[in-house]
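Reviewing the structure listed below.
The values are calculated or read from the model by the stated rules, or taken from the named source; none is laboratory data. Given the structure is predicted, the values throughout are model-derived calculations rather than measurements. No Cβ is skipped: glycine too gets one built from the backbone with ideal geometry, and neighbour counts run over all protein chains shown. In case anyone asks, the SASA skips ligands and DNA or RNA and just uses the protein heavy atoms, side chains included. Shrake-Rupley method; radii C 1.70, N 1.55, O 1.52, S 1.80 Å.
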Amino acid sequence: QVQLVESGGGLVQTGGSLRLSCAASGRSFSNYDMGWFRQAPGKEREFVAAIKKSDGTTYYTQSVKGRFTISRDNAKNTGYLQMNSLKPEDTAVYYCAANIAATRYPHDYDYWGQGTQVTVSS
C-alpha cells in the first residue's frame, strides 16, 4: 500500500505559478511511477503528466507542455508538479497517483491522493 497526500494548491491569477507536492508513505515510493491528473467540474479526470521511476522519463499532455514540469525526489518520497503560466482552463482538482507503470489512463493507477484544488482567476 502507498498513501499519497497532495498539497500546494490554491488561488492564483492568470500567468501565475504554483508548485504541487505529493508526499508518499507506506511502500517505497521509488518502486512506483507517478502521475498527475486533474478533474474540472462536470468533466472526466484527465492525464496531466507522469514520470517513470527508473530513469525519470517524463510525459505530458499537450496542453501543459512547456508550462508544467513533473519531478520526483525518491529520497524524500515526494513528487512535484511545477505549474507556470497558469490559465483559467487549468482550474481543477489535481490528483497525484502511483502505479507500477506510468500510463495516461486513470483506471490503470492503483493509488491516489485526495486531491488539491487549483483555481486560476482571469
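Which strands (runs of 3 or more DSSP E) sit wholly inside the range 2-67 and have at least 1 residues that are touching a Leu at 6+ places or on another chain (Cβ under 9 Å) and among the acidic types (Asp, Glu)? Don't jump to the end; show me each part of the working.
Details: elements: 2-7, 10-13, 18-26, 33-39, 46-51, 58-60.
The strands (runs of 3 or more DSSP E) meeting that bar are 2-7.
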Output the number of residues of the range 8-47 satisfying the condition of being among the hydroxyl-bearing types (Ser, Thr, Tyr), surrounded by 14 or more Cβ atoms within 10 Å (Cβ to Cβ) and in contact with a Ser or Thr (Cβ under 9 Å, 6 or more places away or on another chain). 1
Among the residues of the range 78-98, are any at pLDDT below 95 and not hydroxyl-bearing (Ser, Thr, Tyr)? no
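Go through the range 68-91 and give me each residue that's part of a strand (DSSP E or B) and among the basic types (Lys, Arg).
Of all residues in the range 68-91, those part of a strand (DSSP E or B) come to 68-73, 78-83.
Residue satisfying the conditions is 72 alone.
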Report, by residue number, each residue of the range 100-122 that is touching a helix residue (DSSP H, G or I) at 6+ places or on another chain (Cβ under 8 Å) and modelled with pLDDT of 95 or more. 118, 120, 121
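Regarding residue 31, is this residue polar (S, T, N, Q) and modelled with pLDDT under 95? Break it down into steps so the answer makes sense when it comes.
On the way: polar (S, T, N, Q): yes; modelled with pLDDT under 95: yes.
Spelling it out, residue 31 is indeed polar (S, T, N, Q) and modelled with pLDDT under 95.
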Condition first: within 13 Å of residue 36 (Cα to Cα) and open to solvent by 20 Å² or more (accessible area, probe 1.4 Å). Now tell me which residues in the range 80-91 satisfy that. 80, 82
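For the range 56-79, indicate whether the set of residues that are surrounded by 20 or more Cβ atoms within 10 Å (Cβ to Cβ), in contact with a Cys (Cβ under 8 Å, 6 or more places away or on another chain) and closer than 12 Å to residue 118 by Cα is non-empty.
First, the residues of the range 56-79 that are surrounded by 20 or more Cβ atoms within 10 Å (Cβ to Cβ): 64, 68, 70, 72, 79.
From what is left, the residues that are in contact with a Cys (Cβ under 8 Å, 6 or more places away or on another chain) are 79.
Then drop every residue that is not closer than 12 Å to residue 118 by Cα, which leaves none.
So far as the range 56-79 goes, no, none of its residues is surrounded by 20 or more Cβ atoms within 10 Å (Cβ to Cβ), in contact with a Cys (Cβ under 8 Å, 6 or more places away or on another chain) and closer than 12 Å to residue 118 by Cα.
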Does residue 94 satisfy being part of a strand (DSSP E or B), at negative phi, open to solvent by less than 60 Å² (accessible area, probe 1.4 Å) and in contact with an Asp or Glu (Cβ under 7 Å, 6 or more places away or on another chain)? yes
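Scan the range 107-118 for residues that are surrounded by 17 or more Cβ atoms within 10 Å (Cβ to Cβ), on the phi < 0 side of the Ramachandran plot and not hydroxyl-bearing (Ser, Thr, Tyr) and jot them down.
Here is the first cut: in the range 107-118, the residues surrounded by 17 or more Cβ atoms within 10 Å (Cβ to Cβ) are 109, 111-113, 115-116, 118.
Of the ones still in play, those that are also on the phi < 0 side of the Ramachandran plot are 109, 111-113, 116, 118.
Within the range 107-118, 112, 113, 118 qualify.
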